[in-house]
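Asks: Structure in structure tokens, see below.
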Amino acid sequence: MIAHLPILQVILPLMAAPLCLMLKRPQLVWVFALIASGLAFVVSVLLLQQVMTTGVISYELGGWQAPWGIEYRIDKLNAFLLLIISGISTIVLVAAQTSIEKEIPKDKHVYFYVLYLLSLTGMLGIVATGDAFNVFVFLEVSSLSAYALIAMGQKRQALWASYQYLIMGTIGATFILIGIGLMYQMTGTLNMYDLSQRLPEVAQTRTVFAAFAFVVVGVCLKLAMFPLHLWLPNAYTYAPSIVTAFFAATATKVAVYLLIRFTFSVFGVSFSFTTIPLETLFMALGLVGIFVASTSAIFQSNVKRLFAFSSIAQIGYMIVGFSLTTVTGLTATLLHLFNHALMKGAIFLALAAVIYRVGSVELTNLRGLGRQMPLTMAAIVIGGLSLIGVPLTVGFVSKWYLLIALIEEGLWPVAVLILLGSMLAVVYVWRIVEVAYFKEPLDKNVIVKEAPLSFLIPIWALVIANIYFGIDTRLSVQVAEAAAQSLFGGAL
Amino acid sequence: MNLSLEVMLQLAIMLPLLSTFAIVATGKYPNIREGVTITTCLCLIYLVVNLYQGLLAGQAISAFWWELLPGLTISFDIEPLGMLFALIASFLWLVTTCYAIGYMRSHHEKNQTRFYLCFAVAIGAVMGLAFSANLFTLFIFYEVLTLSTYPLVTHAGTEKAKKGGRTYLGILLTTSIVFFLLAIVSTWFIAGTLDFKLGGIFADDVDKTIAGILLVLFVFGIGKAAIMPFHRWLPAAMVAPTPVSSLLHAVAVVKAGVFTVLKVCVFIFGLDLLAVLPTTQFLLYLAGASVLLASIIAMRQDNLKARLAYSTVSQLGYVTIGALLATSSGVIGSSMHIAMHAFGKITLFFCAGAILVSLHKSKISDMRGIGRQMPLTMIAFFIASLSIIGVPPAGGTWSKWYLMMGTIETEQFVLMVILMVSSLLNIAYLLPIPFHAFFPKLMSFKDAEQGVRPSSNIENTYTRAEIKEAPLPSLIAIVVTTLGCLMLFIYPQPLFELATAVLTGRE
């Protein structure tokens, strides 16, 4: 059983998805999906433990040997990612049943869970597999289900948002496919480890350059890296709240993973960063992204959209850390990946609770909620403080590492810019605080109750994680550091 | 009780934080709730005094909580300067609570439970800050202090309070994150440690230019020290209820700022390094300018609390100057001034609040003749003013004496003149208030310029007025702090010993 963990990780939610259709009763399906996702989480914990003690796990699918058959290869980096994705997915699912009651018609509930599990399968698959073509397959699995999930949103704009994402996402996926095809053409292999061994021989060819360009741009599209982020705000705003919470905490993380995997492992550090000036380009785009997106966030009136822009800005921080191509920089990126999942998971779940009670998350709807829904709003405030990077929250830990990484490289001006960027976060978080705590409710006769427990438990689980991992940083820092070091060791 | 000093140290930080649960639980019964606060205050004072005696006995008291990141710990260590700050803050917390009970009730403030809760958290943060063993721990409590006082500043919940709160939080968070955090990370990177150590933590061959830039970052980053141009938050914070202004914005928060500046100067840079940094002189003049400009602005304020706020900005400049002078008398003067100004300014704020509660007056121009109605309050105001100005028989004399000595020793004659001029300005903006209160017929400077004589019916109005002092708990608080000002003049010995011990380490 233990030997089959890597495939179990993916197959569990994959098999669970069609089984949902047989159960029919939404309540049952919810419990079933929760169990499936929970099991996936348990598997990921076991995997991480195993990887941290014994090193890389290689699993040959169907017993076919590696370069020919499909190989699942779990190292520290993707074990960490698997943990984040399955963990967040499980926590979010706890609130799903209550939330979709109000947002999705009853007859579609079962399909919601099917799609949710498929999307989860896709993300776990992308991360777990060691085969480049398999990446594309799972990317499509997760993306197609994502388009459908987003289209389930209450408002008609959801359809348009989904369509926008569909077009952009498909372009991205196609680019990745073209890139993979070109690599296959040059090396005759699809196995990532094998690719990393064979690519250096043919590195100086135009085909490999083209492959690299296609892959990076394709991944950046999925990543919503500035300036390829245009699909993200609408998708996050109009998707059902639960879907937003799930995707905001996981989907872009998967894309960051792909970026790191392709540049560091497959193409190799020397090719990605010395032959091509990716460093400067990413540093600049990351910084511009932080400022443009944070500034846009300040001017949003819809809180979901506000935090969608904030997500784009936070991706900027990850990109800046990534662009340093140092162990500390990459550690900072990986830490922020984990920490940002916790922050945004908490915030978007809390917003889902607000939508459940109030019906909308326009800023004016938040008036007076500080009193009416104290626990939910407190969660948003703590999540916001974490975004700002106040000490004792996870945001501080990743900011600290990013600053150290920048100063190590002597990039003082960039360090100042990063800090100024977090000041913009103060502004957009405090707009919400002021509305929620200082404004009287629009209609005093409407009594808004605190969110039900099915919301409060997952929300506060994430909020407590925000503080816990801000204080006890051993797990996250250790894993992130180990993963970053192994990436520079060149070992895939 | 036989608690070890280590346990007491941790209790001193935890106790105010733990009391918040009791405060919330008893929120519906104001008397019990205030009882909880007072009991906590008393316990805290007991703990701090015990720690003080332990320190005097020469014991090393430290505690370790947690290693946040490799090498970065949350740990505590008691040294004289922190002890001094903790003693003042814990004692004045008790007095302020006493005052607040009278003030908040007679002013019919809402959300009193939240008020006492945030107050307790703030004091817990001050204790943590005072006892922190490294810059990292200090930074954490510094931020906790900022965030926990925000709801106090915006207590009224009005548009004005919201605006004030915005300035407050905006400046304090921006400076602390953009400058202070950057300075801390850089120090960590250059020195490899953040532990406070007498004589500084930088290597001897550290690049003077970079260290100089770091010093600027520190002084600007510690926004709570209110050096111009980052002082705007302090007047903005005056929208808070008076007990908040008095304890937090005359004692806890602002003193946390200058305390941090002193800590950084003495224990991160060390006086020897500080004296040779290229930016020290620039910062000294900046602080000097801050002292003078704030005094001048204070003269033009008609709102009493605003005038006191600018006066605080000016007095904080004194402490910063003392720290940057990098001599022992400078540091002694600064340390003592933290205490002296705390007692003086808290009294002044108490008086301002008392006047507001009893007579509903906040403008200085309306305060002519109120000495007849509030004689005790105005006498207290007079004595506290003397302490701020720095003349006998009030405690401020001593600290200003040492600060002056510091400027002479280092031959900073420009600064000496600035300090003297500022003292004159202090007289000009503080003393007229009690004078006019008792002698309404006296002309103000402004009236004299315009040739206006105060109308004769002022006297008629006020002779008939009855004595109308503040509620008893508030009045007791005023009397206690005023006596404190006098005591510090007559018996400054313990304070002086603590201040001298700052530079020699544990006795």
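The values are calculated or read from the model by the stated rules, or taken from the named source; none is laboratory data. Note that this is a predicted model, so its numbers are computed, not measured. With ideal geometry, Cβ positions are generated from the backbone for all residues, glycine too; neighbour counts draw on all protein chains shown. These area figures cover heavy atoms from the full protein model, side chains too; ligands, DNA and RNA do not enter into them. Shrake-Rupley method; radii C 1.70, N 1.55, O 1.52, S 1.80 Å.
Asks: Does region A:280-291 contain at least one residue that is more than 27 Å from A:A213 (Cβ to Cβ), at pLDDT 90 or above and open to solvent by less than 10 Å² (accessible area, probe 1.4 Å)? If you could, list the steps in order and put the result at the bottom.
Replies: Of region A:280-291, the ones more than 27 Å from A:A213 (Cβ to Cβ) are none.
Checked against the condition, which is being more than 27 Å from A:A213 (Cβ to Cβ), at pLDDT 90 or above and open to solvent by less than 10 Å² (accessible area, probe 1.4 Å), region A:280-291 yields no hits at all.
Asks: Out of (1) open to solvent by less than 20 Å² (accessible area, probe 1.4 Å); (2) β-branched (V, I, T); (3) within 11 Å of chain B (Cβ to nearest Cβ); (4) assigned to a helix (DSSP H, G or I), what's the single condition that is false for A:I459?
Replies: Exception for A:I459: condition (3).
Asks: Now for a separate question. What pairs come out if I take residues in region A:111-129 that are without any contact (Cβ under 8 Å) to a residue 60 or more places away in the chain and surrounded by 24 or more Cβ atoms within 10 Å (Cβ to Cβ) and pair them with residues that are charged (D, E, K, R) and part of a helix (DSSP H, G or I) whose C-beta lies under 8 Å away, six or more apart or interchain?
Replies: Qualifying pairs under 8 Å: A:G122/A:E140.
Asks: To continue, here is another question. Any idea which of (1) farther than 18 Å from A:D131 by Cα; (2) in contact with a Gly (Cβ under 7 Å, 6 or more places away or on another chain); (3) open to solvent by 40 Å² or more (accessible area, probe 1.4 Å); (4) not in a loop (DSSP other than H, G, I, E, B) is the one A:Y193 doesn't satisfy?
Replies: (1)
Asks: What are the pairs with Cβ atoms under 6 angstrom where one residue, in region A:220-248, is under 18 Å from A:A148 (Cβ atoms) and the other, located anywhere, is open to solvent by 10 Å² or more (accessible area, probe 1.4 Å) and of a type in the set (V, I, T)? Sequence gap at least six, or different chains.
Replies: A:S241/A:I355
Asks: Quick one: is A:D472 away from chain B (no Cβ under 12 Å) and surrounded by fewer than 20 Cβ atoms within 10 Å (Cβ to Cβ)?
Replies: On the way: away from chain B (no Cβ under 12 Å): no; surrounded by fewer than 20 Cβ atoms within 10 Å (Cβ to Cβ): yes.
No; evaluated as a whole, the condition is false for this residue.
Asks: Would you point out which residue out of A:K439, A:K449 is within 11 Å of chain B (Cβ to nearest Cβ) and touching a residue at least 60 places away in the same chain (Cβ under 8 Å)? Please lay out each step first, then the result.
Replies: On the way: A:K449 fails: within 11 Å of chain B (Cβ to nearest Cβ).
The match here is A:K439.
Asks: Do you know which residues across region A:179-204 are among the aliphatic types (A, V, I, L, M) and touching a residue at least 40 places away in the same chain (Cβ under 8 Å)? Steps first, please.
Replies: Start the filter on region A:179-204 by keeping residues that are among the aliphatic types (A, V, I, L, M), which leaves A:180, A:182-183, A:186, A:190, A:192, A:195, A:199, A:202-203.
Passing the criteria: A:I180, A:M183, A:L190, A:M192, A:L195, A:L199, A:A203.
Asks: Name the single residue that is nearest to the chain's Cα centre (by Cα) among those in region A:409-426 being open to solvent by 20 Å² or more (accessible area, probe 1.4 Å) and more than 7 Å from chain B (Cβ to nearest Cβ).
Replies: Here the residue is A:L424.
Asks: Hey, B:A57 hits all of (1) touching a Cys at 6+ places or on another chain (Cβ under 7 Å); (2) hydrophobic (A, V, I, L, M, F, W, C); (3) open to solvent by 20 Å² or more (accessible area, probe 1.4 Å) but one; which does it fall short on?
Replies: Of (1) touching a Cys at 6+ places or on another chain (Cβ under 7 Å); (2) hydrophobic (A, V, I, L, M, F, W, C); (3) open to solvent by 20 Å² or more (accessible area, probe 1.4 Å), only one is false for B:A57: (1).
Asks: For region B:123-172, which residues satisfy the criterion of being open to solvent by 10 Å² or more (accessible area, probe 1.4 Å) and acidic (D, E)?
Replies: Hit for region B:123-172 is B:E159, nothing else.
Asks: Has region B:99-112 got at least one residue that is under 17 Å from B:I13 (Cβ atoms), within 14 Å of another protein chain (Cβ to nearest Cβ) and either in contact with a Gly (Cβ under 7 Å, 6 or more places away or on another chain) or modelled with pLDDT under 90 (or both)? Let's see the steps before the verdict.
Replies: Step one: of region B:99-112, the residues under 17 Å from B:I13 (Cβ atoms) are none.
For region B:99-112, residues under 17 Å from B:I13 (Cβ atoms), within 14 Å of another protein chain (Cβ to nearest Cβ) and either in contact with a Gly (Cβ under 7 Å, 6 or more places away or on another chain) or modelled with pLDDT under 90 (or both): absent.
Asks: While we're on this one: Output yes when any residue across region B:191-207 is out of contact with any Asp or Glu (no Cβ under 9 Å at 6 or more places or on another chain), in contact (Cβ under 8 Å) with a residue 12 or more places away in the chain and within 10 Å of another protein chain (Cβ to nearest Cβ), and no when none is.
Replies: No, that holds for no residue.
Asks: Another one. Looking only at region A:364-371, decide whether some residue is under 18 Å from B:L68 (Cβ atoms), outside any helix (DSSP H, G or I) and within 14 Å of chain B (Cβ to nearest Cβ). If you could, list the steps in order and put the result at the bottom.
Replies: From region A:364-371, those under 18 Å from B:L68 (Cβ atoms) are none; that's our starting set.
No, region A:364-371 contains no residue that is under 18 Å from B:L68 (Cβ atoms), outside any helix (DSSP H, G or I) and within 14 Å of chain B (Cβ to nearest Cβ).
Asks: Do you know which of the residues in region B:313-351 that are of a type in the set (A, V, I, L, M) and not in a helix (DSSP H, G or I) is farthest from B:A226 (Cα to Cα)? Quick ask: steps written out before the conclusion?
Replies: So the first thing to find is which residues in region B:313-351 are of a type in the set (A, V, I, L, M), and the list is B:313, B:316, B:319, B:321, B:323-326, B:331-332, B:336, B:338-340, B:342, B:346, B:348.
Still in the running and not in a helix (DSSP H, G or I): B:325-326.
Numbers: B:L325: 18, B:A326: 20 Å.
This residue is B:A326.
Asks: Among what's in region A:352-370 and is in contact with a Lys or Arg (Cβ under 9 Å, 6 or more places away or on another chain) and within 16 Å of A:E103 (Cα to Cα), pick the residue that is most open to solvent (accessible area, probe 1.4 Å).
Replies: A:R357
Asks: While we're on this one: Filter region A:375-403 down to the residues that are over 18 Å from B:S176 (Cβ atoms) and either within 9 Å of another protein chain (Cβ to nearest Cβ) or not in a helix (DSSP H, G or I) (or both) and list them by number.
Replies: Within region A:375-403, just A:Y401 meets the criteria.
Asks: Taking B:T73, is it at pLDDT below 90, within 14 Å of another protein chain (Cβ to nearest Cβ) and surrounded by 16 or more Cβ atoms within 10 Å (Cβ to Cβ)? Quick ask: steps written out before the conclusion?
Replies: Details: at pLDDT below 90: yes; within 14 Å of another protein chain (Cβ to nearest Cβ): yes; surrounded by 16 or more Cβ atoms within 10 Å (Cβ to Cβ): yes.
Yes: the conditions hold for B:T73.
Asks: Read through the list (1) open to solvent by 30 Å² or more (accessible area, probe 1.4 Å); (2) over 15 Å from A:L83 (Cβ atoms), then give the number of the only condition that A:Q49 fails.
Replies: The failed condition is (2).
Asks: Also, quick follow-up: Considering each residue of region B:302-356, count those that are under 19 Å from B:A100 (Cα atoms), open to solvent by 10 Å² or more (accessible area, probe 1.4 Å) and of a type in the set (F, W, Y), and give that number.
Replies: Here the count works out to 1.
Asks: Only one of (1) more than 25 Å from the chain's Cα centre (by Cα); (2) not in a strand (DSSP E or B) fails for B:L42. Which number is that?
Replies: (1) is the only condition that B:L42 fails.
Asks: Moving on. State the number of residues belonging to region B:149-176 that are charged (D, E, K, R) and within 9 Å of chain A (Cβ to nearest Cβ). Break it down into steps so the answer makes sense when it comes.
Replies: Filtering region B:149-176 for residues charged (D, E, K, R) gives B:159-160, B:162-163, B:166.
Next, from what is left, pick out any that are within 9 Å of chain A (Cβ to nearest Cβ): B:159, B:162, B:166.
Qualifying residue count, region B:149-176: 3.
Asks: While we're looking at this one, here's another question. Which of the numbered conditions does B:T146 fail, given that it passes all the others? Conditions: (1) within 22 Å of B:C265 (Cβ to Cβ); (2) of a type outside the set (G, A, S); (3) more than 11 Å from chain A (Cβ to nearest Cβ); (4) touching a helix residue (DSSP H, G or I) at 6+ places or on another chain (Cβ under 6 Å).
Replies: It is condition (3) that B:T146 fails.
Asks: Look through region B:48-59, keep the residues that are in contact with a helix residue (DSSP H, G or I) (Cβ under 9 Å, 6 or more places away or on another chain) and among the aliphatic types (A, V, I, L, M), and return whichever of them is farthest from the other protein chains (Cβ to nearest Cβ).
Replies: By that ranking, first place goes to B:L56.
Asks: Is there a residue in region A:162-185 that is part of a loop (DSSP other than H, G, I, E, B), surrounded by fewer than 20 Cβ atoms within 10 Å (Cβ to Cβ) and touching a helix residue (DSSP H, G or I) at 6+ places or on another chain (Cβ under 9 Å)? Quick ask: steps written out before the conclusion?
Replies: Applying the first criterion (part of a loop (DSSP other than H, G, I, E, B)) to region A:162-185 yields none.
The answer is no, given that none of the residues of region A:162-185 is part of a loop (DSSP other than H, G, I, E, B), surrounded by fewer than 20 Cβ atoms within 10 Å (Cβ to Cβ) and touching a helix residue (DSSP H, G or I) at 6+ places or on another chain (Cβ under 9 Å).
Asks: Right, something else. Take the residues in region A:475-484 that are crowded, with 19+ Cβ neighbours inside 10 Å and within 11 Å of chain B (Cβ to nearest Cβ), then tell me which one is farthest from A:L342 (Cα to Cα).
Replies: Only one residue fits best here, namely A:E481.
Asks: Give the residue, chosen from B:F179, B:F218, that is closer than 28 Å to A:V429 by Cβ, facing another protein chain (nearest Cβ under 9 Å) and either open to solvent by 50 Å² or more (accessible area, probe 1.4 Å) or aromatic (F, W, Y) (or both). Please lay out each step first, then the result.
Replies: Details: B:F218 fails: facing another protein chain (nearest Cβ under 9 Å).
Being closer than 28 Å to A:V429 by Cβ, facing another protein chain (nearest Cβ under 9 Å) and either open to solvent by 50 Å² or more (accessible area, probe 1.4 Å) or aromatic (F, W, Y) (or both) holds for just one of B:F179, B:F218, which is B:F179.
Asks: Hey, can you tell me all the residues within region B:87-96 that are surrounded by fewer than 23 Cβ atoms within 10 Å (Cβ to Cβ) and within 18 Å of B:G35 (Cβ to Cβ)?
Replies: So the first thing to find is which residues in region B:87-96 are surrounded by fewer than 23 Cβ atoms within 10 Å (Cβ to Cβ), and the list is B:87, B:91, B:94.
Across region B:87-96, the qualifying residue is only B:L94.
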